[in-house]
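Participant: Submitted below is the structure of interest, expressed as structure tokens.
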Amino acid sequence: MSPKFDLVIVNGVVVTASDVSSFDIGIKNGKIHTLAPSWNGNAIRPSWNISRVFDSTTYQVMPGGIDGHVHLCQDLTTGPNPCPLGLGGQCADNFETGSRSAVCGGTTTIITFATQTRAEEDRSLLKVVEAYNGRAQATGSYIDYAFHIIIVRDDKDVLETELPVLVKKWGITSCKLFMTYETMRLQDYQLLDVMLAALKNSITTMIHAENGDMIEWLTEKLESKGMLAPHYHALSRPPSVEGEAANRAIVLAELIENPLLFVHVGSSASANVIRAAQTRGLPIFAETCPQYLNLTWEDLKRFHSPTCFENSKMICSPPPGPDSSDQDALYLGLHNGTFTIFSSDHCPYKYDDPHGKMVGSFRLIPNGIPGVETRLPLLFTRGVSTGRITPQKFVELASTNPAKLYGLYPRKGAILPGSDADIVIWHPEGSLPPFKLTNRHLHHNVDYTPYEGMEFDNWPRYTIAHGKVIWANGELLGSLRDGKYLRRGPNQLGKGVAHFKKDPRRVAAWVHG
Ligand code: URP
Ligand code: ZN
Ligand code: ZN
Ligand code: ZN
């Protein structure tokens with residue numbers, strides 16, 4: 001006799017990072033309890049004791065999406081550096097609206113940023129995390145959430161005393177560092193300091209790799225010629241800006257044998273140096289995002305006239321590539337393993353808002369675009385439906401690898417007995433008439449979507465988290481009490497097999513002590 005299941009999903013086409021097969025899934029107490037091959041087509045196993053059945057014949061059933069790159073409640077409009085170049089806005093989404101938008105796009109876990117600034121009151125990383133967690137608790141969250149810590153200073157005492165606490169108490173096992181933005185960036189020697197401290201605590205370093213000096217120099221040149229319109233943002237950041245910084249970050253990380261994750265990789269210039277480092281056996285991981293697969297410099301001229309300020313809606317850093325050739329290279333990188341994860345970099349600023357996109361010249365416009373809800377449907381429509389990537393690769397990039405990289409596997413990112421019952425179910429192929437997206441379809445708190453008018457051929461039909469159906473046929477059914485804070489473990493994707501491990505002169509042999 002089976003236990004009494006709370007929910008059973010029968011006859012689904014279960015897609016994991018490795019397999020596509022027909023399984024029935026028995027769910028109890030928010031966890032996947034039993035997996036069994038589908039029973040005679042559509043009949044339910046007589047021996048199963050069930051309170052609710054979901055027949056998903058011909059539906060693709062996948063682990064819920066894990067979005068490892070989401071900015072919520074980030075407000076850089078106050079403090080002693082009120083408007084750091086390009087990051088000084090107020091995020092339009094909090095944990096309520098951001099997690100709601102995620103659910104409606106099939107995502108069941110978000111990892112968001114607790115962002116240190118150079119303000120004196122932000123010296124303590126623990127205080128920064130407590131403040132962001134307070135913001136999460138103030139509204140609650142529809143889905144489970146965790147934090148990365150953004151570190152913008154190399155205070156040795158703080159790194160030494162607080163990083164172990166972040167790991168042990170909070171389960172925060174990833175930090176993000178910047179190589180650009182005047183008030184966020186670390187110099188090379190500071191990057192080494194923080195990377196080494198992170199390494200000692202088994203914290204994964206995420207890196208925003210753009211050459212800040214090149215950007216500043218190009219920005220000044222553009223400004224001196226009166227080229228201030230939003231689309232010049234892209235000219236201030238040609239692909240070599242990313243390529244140079246990626247290469248430098250790899251050299252620094254290799255020196256001390258620190259694993260590195262490149263976030264929001266937007267160009268083949270960067271993807272190529274990452275690929276070369278991976279080929280040398282270095283523990284280098286990479287993320288790309290929907291904007292880099294679906295937008296180009298041309299989209300920065302989309303509204304009215306090339307100089308129209310509304311084009312600020314499309315500004316993010318790095319910018320998307322000049323033309324579709326970078327998109328092709330990035331799809332290749334998804335296919336061939338250069339990219340470990342696919343995240344949204346949801347960084348939502350309203351257009352029509354004094355703390356949003358409506359400011360001065362391209363230098364001051366906050367960088368970042370919304371996308372937590374469109375992340376999975378875009379990759380499904382443009383990647384899976386077209387055959388550019390397999391359904392298994394989709395699951396690997398959007399769920400399983402983020403879970404492994406960020407120390408959540410197999411609780412998250414898997415359909416296995418014992419895993420959290422976090423599941424996304426798509427419409428059967430061809431059953432949802434293709435439709436054009438408009439911002440009214442979405443559930444974020446932003447007044448636009450960069451993907452307005454794009455055609456989609458699928459969308460999550462059901463989102464299930466902890467065994468509860470929280471999104472069904474266009475209706476949000478969850479509650480803000482459903483999401484819990486997640487403590488995470490270390491990176492589970494390995495430390496590389498590089499040559500230097502056998503080199504007696506290796507720096508890491510003496511510098512780590
Ligand atoms: O333009 C971007 N990517 N904004 C978000 C902040 C960041 O650097 O991730
Ligand atoms: Zn970044
Ligand atoms: Zn206009
Ligand atoms: Zn970001």
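Quick note: the coordinates plus some simple rules give every number you see, no bench work behind them. Remember, it's a predicted structure, so these values are computed and weren't measured experimentally. A quick note on method: Cβ atoms are made from the backbone with ideal geometry, for glycine too, and the neighbour counts reach across all protein chains shown.
Participant: Taking amide H positions as placed 1.01 Å from N in the peptide plane, with prolines and chain starts having none, which residues 5 or more places from Glu182, or on another chain, fall under 5 Å of its amide H?
Facilitator: Leu85
Participant: Given the rule -39500 (n - 2.57) for each run of at least 4 DSSP H residues, summed and divided by the residues of the chain, what is its mean residue ellipticity at 222 nm, to the nearest 500 deg cm²/dmol?
Facilitator: The helix contribution divided over the chain gives -7500 deg cm²/dmol.
Participant: Among Glu182, Glu130, which comes first, then next, by fewest other beta-carbon atoms within 10 Å?
Facilitator: In order of increasing Cβ crowding within 10 Å: Glu130, Glu182.
Participant: What are the ³J(HN,Hα) values, in whole Hz, obtained from phi via the Karplus relation 6.51 cos²θ - 1.76 cosθ + 1.60 with θ = phi - 60°, for each residue of region 115-125 in sequence order, with x given for Gly and Pro?
Facilitator: 10, 6, 10, 7, 4, 4, 5, 9, 4, 7, 5
Participant: Give the cross-link partners of Lys350 among the aspartates and glutamates, using a straight C-alpha distance below 19 Å as the criterion and excluding same-chain residues fewer than 8 apart.
Facilitator: Excluding near neighbours in sequence, the set is Asp75, Asp93, Glu96, Asp299, Glu310, Glu373, Asp447, Glu452.
Participant: Residue by residue through region 472-480, what is 3J(HN,Hα) from phi via Karplus (6.51 cos²θ - 1.76 cosθ + 1.60, θ = phi - 60°)? Round to whole Hz and write x for glycine and proline.
Facilitator: Whole-Hz 3J(HN,Hα) from phi for region 472-480: 9, 6, x, 10, 7, 10, x, 9, 5.
Participant: Hey, can you grab everything whose amide H is under 5 Å from the amide H of Phe54? Only 5+ residues off in sequence or another chain; H modelled, so Pro and N-termini drop out.
Facilitator: Residues meeting the criterion, in which the H sits 1.01 Å from N, are Val8, Ile9, Val10.
Participant: Let me ask something else about it. Taking only C-alpha pairs under 8 Å that are 6+ residues apart, what is the relative contact order of the chain in percent?
Facilitator: It rounds to 21 percent for the chain.
Participant: Still on this structure, please answer the following. Rounded to the nearest 5, what % of the DSSP beta bridges within the chain are antiparallel ones?
Facilitator: Close to 45 percent.
Participant: Also: At what distance in angstrom do the alpha carbon centres of region 175-239 and region 86-141 lie from each other?
Facilitator: With region 175-239 and region 86-141 each reduced to a Cα centre, they are spaced 21 Å.
Participant: Can you compute 3J(HN,Hα) from phi for each residue in region 173-185, using the Karplus curve 6.51 cos²θ - 1.76 cosθ + 1.60 with θ = phi - 60°, rounded to whole Hz and x for Gly and Pro?
Facilitator: For region 173-185, the Karplus-derived couplings read 10, 8, 10, 10, 10, 10, 9, 9, 6, 2, 9, 10, 6 Hz, x marking Gly and Pro.
Participant: Further question: List the lysines whose alpha-carbon lies under 19 Å from that of Lys169, not counting same-chain residues fewer than 8 positions away?
Facilitator: Reachable lysines: Lys127, Lys200, Lys484.
Participant: How big is the Rg/Rh ratio for the chain, C-alpha atoms only, Rh by Kirkwood, two decimals?
Facilitator: Across the chain, the Cα-based Rg/Rh ratio is 0.96.
Participant: For Ser174, enumerate residues with amide H under 5 Å from its amide H, sequence gap 5+ or separate chain, H modeled in the peptide plane.
Facilitator: For Ser174, the qualifying residues are Ile149, Thr204.
Participant: Restricting to Cα pairs below 8 Å that are 6+ residues apart, what does the relative contact order work out to for region 365-477? Please round to a whole percent.
Facilitator: 25
Participant: Then there is this: Quote the relative contact order of region 292-366 in percent (integer), defining contacts as alpha-carbon pairs under 8 Å separated by 6+ residues.
Facilitator: Reported as a whole number, the value is 30 percent.
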